[in-house]
Every structure is written in C-alpha cells, then in structure tokens.
1. Out of the residues in region 449-474 meeting the condition of being part of a loop (DSSP other than H, G, I, E, B) and either buried (at least 22 other Cβ atoms within 10 Å of the Cβ) or of a type in the set (Gly, Ala, Ser) (or both), tell me which one is nearest to the chain's Cα centre (by Cα).
2. For residue 418, are the conditions met, namely being more than 30 Å from residue 866 (Cβ to Cβ), in a loop (DSSP other than H, G, I, E, B) and in contact with a helix residue (DSSP H, G or I) (Cβ under 9 Å, 6 or more places away or on another chain)?
3. When you look at residue 602, is it of a type in the set (D, E, K, R), open to solvent by 70 Å² or more (accessible area, probe 1.4 Å) and more than 26 Å from residue 688 (Cα to Cα), yes or no?
4. Look at region 521-564 and say how many of its residues are out of contact with any strand residue (DSSP E or B) (no Cβ under 7 Å at 6 or more places or on another chain) and of a type outside the set (Ser, Thr, Tyr).
5. Regarding residue 356, is this residue over 19 Å from residue 816 (Cα atoms), among the acidic types (Asp, Glu) and under 27 Å from the mean Cα position of the chain (by Cα)?
6. Quick check on my filter: what residues within region 534-561 are part of a loop (DSSP other than H, G, I, E, B) and open to solvent by less than 40 Å² (accessible area, probe 1.4 Å)?
7. Could you check region 478-509 and list, in sequence order, the residues that are of a type in the set (D, E, K, R) and either over 25 Å from the mean Cα position of the chain (by Cα) or within 30 Å of residue 602 (Cβ to Cβ) (or both)?
8. Being within 25 Å of the chain's Cα centre (by Cα) and open to solvent by less than 40 Å² (accessible area, probe 1.4 Å) is the requirement here; does residue 865 meet it?
Amino acid sequence: MAAPVPPGAPRQQPPPPDYNPNYQQNPNSLSDNLQNLSLNRPPLMPNSAPRPSPFLPPPFPSSAPSPPLSRPGPPPPGAFPRPSLPPSGSPPPTLPPNGGPARPTGPPFSQPSPFVSRPPSAGNGVVMGPSSGAPSHGSLAPRLGAHPSPIASSTTPSSVPPSVSTGGLVSNGPPAPPFLGGPRFPPSGSAPQQPLMGPLTIGGARVPPQAPSMRPLMGSSGISAQQRPPFSAAHQGTPSSSAPLQGMPSFSAPPQAMSPPVGFPFGQQMQNQPVAPTPIPGSAQPPTMFGMPPPPPLPNQTTAISPVVGQTGGSLAGSSKIDPNQIPRPVPGSSVILHDTRQGNQANPPPPATSDYIVRDTGNCSPRYMRCTINQIPCTVDLLTTSGMQLALLVQPLALPHPSEEPIQLVDFGESGPVRCSRCKGYINPFMKFIDQGRRFICNLCGFTDETPRDYHCNLGPDGRRRDADERPELCRGTVEFVATKEYMVRDPMPAVYFFLIDVSMNAIQTGATAAACSSINQVIADLPEGPRTMVGIATFDSTIHFYNLKRALQQPLMLIVPDILDVYTPLQTDVIVPLSECRQHLEVLLESIPSMFQNSRTAESAFGAAIKAVFLAMKSTGGKLLVFQSVLPSVGIGALSAREAEGRSNISAGEKEAHKLLQPADKTLKELAIEFAEFQVCVDVFITTQTYVDIASISVIPKTTGGQVYYYYPFSALSDPAKLYNDLRWNVTRPQGFEAVMRVRCSQGIQVQQYHGNFCKRIPTDVDLPGIDCDKTIMVTLKHDDKLQDGTECAFQCALLYTTVYGQRRIRVTTLSLPCTNNLSNLFRMADLDTQFVCFLKQAANEIPSTPPLNLREQVTNFCINILLSYRKFCATVSSSGQLILPEALKLLPLYTLALIKSTGLRIDGRVDDRSFWITYVSSVSTPSAIPLVHPRMIAIHDLDTQEGNESLIPHSIPLSSDHVSDDGIFLLENGQEGLMYIGSSVDSNILQQLFGISSVDEIRTQQYDNPLSKKLNDVTNEIRRRRCSYLRLKLCKKGDPSGLSFFSCLIEDKVPTGGLSYVEFLVHVHRQIQMKMSS
C-alpha cells in the first residue's frame, strides 16, 4: 500500500532496478503491445508493498563554497518513496529532491512493481516541457464563494549535480558548440543490461542562439502567388541595425567517466539512497540584479550551407536544385547541457526544449517551467509585427525536473504570508530592487515602491543587494514555493477523492474493455495516497447508473441503481464515497466481480452524460478526480449524441466545406456540465477504449474544461491494450499533481496577457481555474504590447499557481522569468526559440481546425513560415544572390516542422474524425518535448543494432523521414511518443528474422526476446523509448503491400504525398519562390 509523501513530492516509488516495461508472463517478452499477438492480460498486483520513509533534504543552504563538479559512481536517485504516514506538523524546509517519478512503462507482473522514480541518468535526463507565463494585475487570492484553488507540486532544480552525459559536459554559454538533442526521459536507474547514454529527441539539435547566419539552399526564381496571413500578425515595419549579442563566459568541466548504475534481479525492490547534488564550479555567484558590470560582447557567429549550383527559373524539380545533404534536419547528439539560467547579470538563452539539459536556477526560472518564444523582448509592437513571429509563453508549472537538479525551495512566511507588491500583487522575486537601506523595494512588474515589512528588513551590501539575498530562496531563485496562509482559503483544503466510473454496456463487456478497466483500477488502488484524507468511489453504467455502497459494515458491496437518466440523482454521498482505508477489501471484491456481473448484459446503450452528472452530484461537496472508462457512443439520457460521422461521410462527397464541423461539439449540453464540474473542483479524465466512433469532439469538452485529459485506445484490443491502459492509469494517479488550482500570469509594464490556451475553465479574465493540474499539463499564454519598452531594460513575467497538494497542504508556486528588451530585429531572430515558437503556433493551429476549412488552414500555416523567413531575408540577411534561400540559424528547422504540421493527423482530411478530434485535444495541453515528436516522429533502423558501434546512446541515431532511407532488406521503428510502427521490409535477411523473431518468414512473426545480441538490443531499445517518452507506446507491425505499410509510409513527412502533398525539397522550393515573389513586389 502506498504511503504518503511530504508536500510537493512526487507520489511514487522507484521500480525494481531491472524493471522491464514489457514484462508480463514472460520476462523476455519484447512487447505486449504488438498487434495480432495472443497475450494474457496482466495479472493482478498485490496491494501491499512496504514503502520506505522519505528523504528530506537539508534546509536552503547558506552561502557556502561550492565543491567542484564531480562524477561519482552511481548517479543520484530520481525520486523518493512516500512516507508511511501523511506529513504533519510544520512543513519541511524544502521540497523533496529530484522531482517527480518516472512514468510507468510496463504492465504489472506477479511481484509488486513500483515505478522508477526519475532515475539518475547515466547521462540522459528528462527534458520537461517549457513553461511560460504573462502578467495581469490583481490578487491571486480566491474570490469569495469560490472554491480554494491549490494543487500538488513537483520538485524543481537549482544547482547542477553530478548526473551528466558520458559524452562530456557541454557549456551553455553563447559561444558554445551546437546544442545537442536529448531524450525526454532518462534511462532507468539500473537494469540487467545497463542502458547507456541515450540519444536526443528528434528535432532537438540546434546551434544555440547566435548572430543571424545565412543558409543558402537553393537557386530557383520566384513564382507569384497570393499570400494569406498566418495566425500571427503580418510583418510590416522598419528594419533595425544588427548588433552583436551580449554574452557571458560559460562554465565548463572536463569530460569524465561515469559508472553505470548497479542492477538487481527481477522482482526485487530497491530503495534509492539519496546523493547530495554537487554544485557546478565556476560562475557560482547568484544573479546580482543590481550593481554588476555588463558582460563582454559576444562576437557574431554565422554558419551557412552552400547551395548546389542549379538553373534559376526552372520547374519544381527540387532535387536538381538542392543538395539533399545540405537541407536542415535535426542533428543527433548525446551530451548533457549544463545551463545556468543567468550569467553575469543577464538572462542566458535556454537550450532547446527537446535537448538533454541540467538547469541551475541562478535567478531566472528553469526553462522547464516557463519558456518564451523569443528570448529578447521587442520594445515595440511594430518590431514584433515586422519579425512575423509571435510573442507567447509556455507555462508548465509542475514540470518534472532532471534528477540532478536541486529541489524547489519551500518558504514559509508564517501568518503574514509571502511579501507582495501592494499595487499589482506580484510576489517577491530576485528582480525586485531594494532601496533606502532596504526599507523600501521597487516592484519589477509595475514599478510601484512599497515599504519593506519590518520583520523582513535587511541592510544592503555594497552592490545594492540585500546582504541575505543568497540565503533567501525568494531573492535568488526563479522558482520558489510559498506556504499559503488562511487568506488564500475560502474553505478547508479538499480531500483527495478518486471516483472510478466504468462502462458496462454490451460492447464494453464483449470487447474486454470493462475487464481491462477493472483489472487496472484494482492494481492502481495500491498507489493512491494513504491516509484518512484519501477517499474512493465506484460506479458503473450502461442505460442506467449503478452506484456501490462500500461501507465496511456491509458484508459485501451493495448495488444502488439510478434508473432515471434524464433527471438524475445520487445516493447519499457517505454511502458511495468512503475512505480508502475502510473499503479496500470491498473494492477488490467488487472490481473482480463487475465483469462477470454484467457478462450476459444485452444493453447496448450508454448513458454517459447522465452517469457523470450523477457522480458529480456525489462529489459536489468535496471535488476530486473522476476517471471515466467509456467504450461506446453516448446514446441515451443527458447529452446523448448521434453518429455524426456516418452522416458526415455521405455529405463529404459533395465537398469538403463542412467536413471540419464534425470536429466541433454537437451541442452545448456537455460544455454546460463541464463548467459546473469546474466550479465545484471536479476534474474529469476519460479513457476511451473503443472500436467504433464515439464523438471525441463532443466528449473531450469535459476533460478540457476541468483540467483533465483524454486517453484514446482505438481500435481497442483486449490482447495488447490492457498493458497501456494500466500504465496510463497508474501514471495518472501517481504523477505530481494537485487540486483546486488557480493560475495567473503577470507581466512588466508595457506587456500584458492577451489570452490563455489549454485545459482549464476561465470565469474571470485574469485567472484560469484548474480543478486538476499535473506535471504533464502546459498552458500557452499569448502576450501583446500595451506600451513601448525601453531598450536595455528587462521585462519580467511571473506565473503564480495557488493549489492544494494531494495531502491537503495549500501552496503557491511562483515562477519568474526576466528577459532583456531590444530594438534590434536581428536580435529577435538570433534569440528566437524554435521549439517554443513552433509549439505555440501548433496549438493555435489545432484550435482553428474545427472552424477553418483544411485547405485554408494549410495556407495559413505555410504563410506563417514564409512571413518569418521573408522578414529575415529582407531586413537581416547580408546581400546575397536572389537564388539563395536564407534561413536564420535559430529557425533553420522551421520549414521542416511546418511541413510536418501540414501533413499531421489534425490537418489530414482523409483521417477518421475521432482520430483528428483526439489529436486536437491532445495538442491543447501537450508539453513542448512531447509536441515536437508528435508531428516530427523519430525513425531508427533496428536490423543492424548489433553492428552499430561507438554510439554512446542505447537508442541508435535517427534516420531522416524519407523513403529513400527505408530499404526492403531492413527493419525500422518509427515512434511519435504515442505509437510505435515497426516496419519489416519484404526482403529482410532470414538470419535477421531468425534472430529477432525466431522465424524465417515475415508472416510467422512473434515478438519474443531470443538469446542473441540483436534480439536483446531490440528489446532494450523498445523499453528505453517507452521510458524516455514517458509513454507506453502502442506498437504495431507494418508490412509492405498492405494497409499497415501505407500507414508507416504516410508518416515519412519528407516524401511527396500522392494526393498532392509536397516533399521536403519541393516545400523548400515553394517557400523560396514565395519569398522571391514578395521581395520583388
């Protein structure tokens, strides 16, 4: 049984050192998720497992000399298990170290299998998605009558400790070598076959922001065409002169060897022993916002790709005009980047979101929590408009840190609460300037001067900073967490309520979806937080609703039926939602009985809307998490839906004009329900286990409005999908999360928040209400100018998240980012963040899909790319041949990502409506490291794994997404973080088939690990990808000549699509011609 964890700590226990995500009945099984395999559902997991006490880190250190960076043998552990009892008494001085737990990556097996805490990486750490924020004025305290808004915390970093890549450290200063991409998830702490350093996530390799550089790519003259403005404003304005980027000397450390973690045999549990993180030598001073000299200027650095000589004005031949080896592609790499958020009193541009990096918080927040599309803020709206880029933040306030990063510090100001600006209510941060010997301070957000509270006064040093600044986290860290006082509460913190609602209609029973849901819930119960505050409930539904009385006094659970599905009611809350400690045995009996209780049911209807409304009435007084398992189209009762897809198909033949409307909700009924759920702090997650159309466009409104999530298993297979369902459910309830949250972003004067995008409910303009929030959720905040900024000053953004942890503690997580302002257009392109820029545009495009015809949207997406590159070519590039396509170094992959978006599931008109609806829903809250591979997958060759030597990573380097790199005699794995497609060529060597699958013909394939190096490496690679992507991939076999093969090749975005989609080379030609046409007009 799981034990609670201290405030803000990830609620999860490390898995056995050799935890194999694919293990089920056979420890050598390659993957339980391949289609057409006869596999049993995972066996039930015992519900009791001892949990060791948590390790509490020391209080915030005083200013002591930093020891030099070293590489000890075993890297530090990833996370710490829960204590046996809920925390009580005064809160610990800091949050537990090393962030959150690793996502579950495999089905359960006969022994209890706790999850890997964020494992110490042997070089590869988790790269969490960027976050961002923008300000508005007013207090974050809850409104009267509203429910409090708290949430669970996840830890964060500040100093850089030992876990680094075997490839050596990469300095993060501006003159550094190219950023190297990295995996999203670190290797496990230990395994029978030791995982090595892993490669980076696709799309992550890029040179750090540098002076604008030219990339002449092609020589074809332009053809006139009409331009359609993208979502962002059209670029107009005057160019400004370029200037060298100001940079700071970077720190470095010699590469050293790292000992691999030690493995344990299967089934054993391991307690990670905490290792104190070691600060990085050099530049160890905290940011001194005032009184420090400016850093020396950084010389301009440029790179260029030489074009292949070709005739101008030729046809769209493409390959004859561009050297395929010169077109920009993500560059693999394996070194860990050490990143100081500020150096020399200036913001340090962050590494790519998809790279592998370790952050040291020296004043600005970690880019995992908040990231801006441009790392220098344009002083005027005209300058921003001229650039063609957008100004926005991506905020992921509970993102999981790298295991080697310092934890977020917890600060308790007592009954007075945290120090705040009395005008804008901004929170104390490193950029507030103290004056008058510390008796007053100037707010960096609104400029107002406040009196320093008497008990917070401290004299200033010679540099103008408070003498205690380095000892107070809120004055030297970009991210801190405050203990919230009663001022921030309108009621007692809510308990942790988990209610499971299961579809038992005929289709769900016959497909095995009900049995899979019951089995997964039964095993996950052990991972819920322990203690008297944890409460659970169970209900089932078909055309009626069935609650279950789980009180201990009863000999067995008692079914309570609600037949009225138009005017629903609920039994007594005290009967159906009971403390977990009082109903564990009843829960186990009930979950084992439900599939057989309804096995002869002939009820095909589903009263989904009525069922969630009835459960909401039971949860209304407390709030909590509602987890729904749905298998068929809701057909009766409140919110009943019709099969719009079938009706739509008959209409599409007449034209595509109305097809996109099938991606809109059918009516407002479920939206109105969702708003009511959010008002009473009920967060809904929906697990859709279906083989038919269920109208995700309508159903998804509920999780999207309540801060929840949609999980989609289509077509659901009782053989392969229970393992993924179990892993998804377990991660859902064990990841760092919280309840009753309210978030607000504030900005410096001159900038204001324009709009928030994500999964939340918004009742007032300045705040977003989040009944639930977790470490995977990202919120986009678009910004706009309301005044001119002054060149050379800094613009600050502060995100404040008020939430309740799963153990009932109220917290305020404050994340602050301060960036320089510039009047120089060249600086904007030099400091553009490609990943953040593209993901913000991706989210905006996904939001437009249901209301915009696909062809129009594709044109807008293309013009977004063209307008940015045109502005750079027109105002920033040096004089060059008109036959050259010039790309800014920081945005050189923008055309590739744009093409990938155009060919993505969401913008394809030939895809299933539910598939497109799920894609739209998933994108709305996805983090940057997960969004990039979603549109630009990773492809690797697996037929020659045993011959690939010299690669530090367990996963081989990725291959360009082109059929030119796919041979008939090879086997290839293509994965996007959600699904993995394994393509087997028609002429694969029989010896390779024998080694990997034990057969000589493709038709006889079974996926089992065999005792040979090639088979073991394939198994290791599969497991490693699942872990790093934080997702249990649904693996599918693809063969040439059948539909599965076509689905594989449709993901190769660099190829020309028979229905008219351009190849990558042709798209570059098209972009170049559009730019030439606009330049000459």
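The values are calculated or read from the model by the stated rules, or taken from the named source; none is laboratory data. Note that this is a predicted model, so its numbers are computed, not measured. Glycine gets a Cβ as well: all are built from the backbone with ideal geometry, and neighbour counts include every protein chain shown. Side chains included, ligands, DNA and RNA excluded: accessible areas come from the protein's heavy atoms. Shrake-Rupley method; radii C 1.70, N 1.55, O 1.52, S 1.80 Å.
1. Here the answer is 465.
2. yes
3. It is false that residue 602 is of a type in the set (D, E, K, R), open to solvent by 70 Å² or more (accessible area, probe 1.4 Å) and more than 26 Å from residue 688 (Cα to Cα).
4. 16
5. When the stated conditions are applied, residue 356 passes them.
6. Selection gives 542, 543, 544, 550, 557.
7. 486, 487, 491, 492, 503
8. yes
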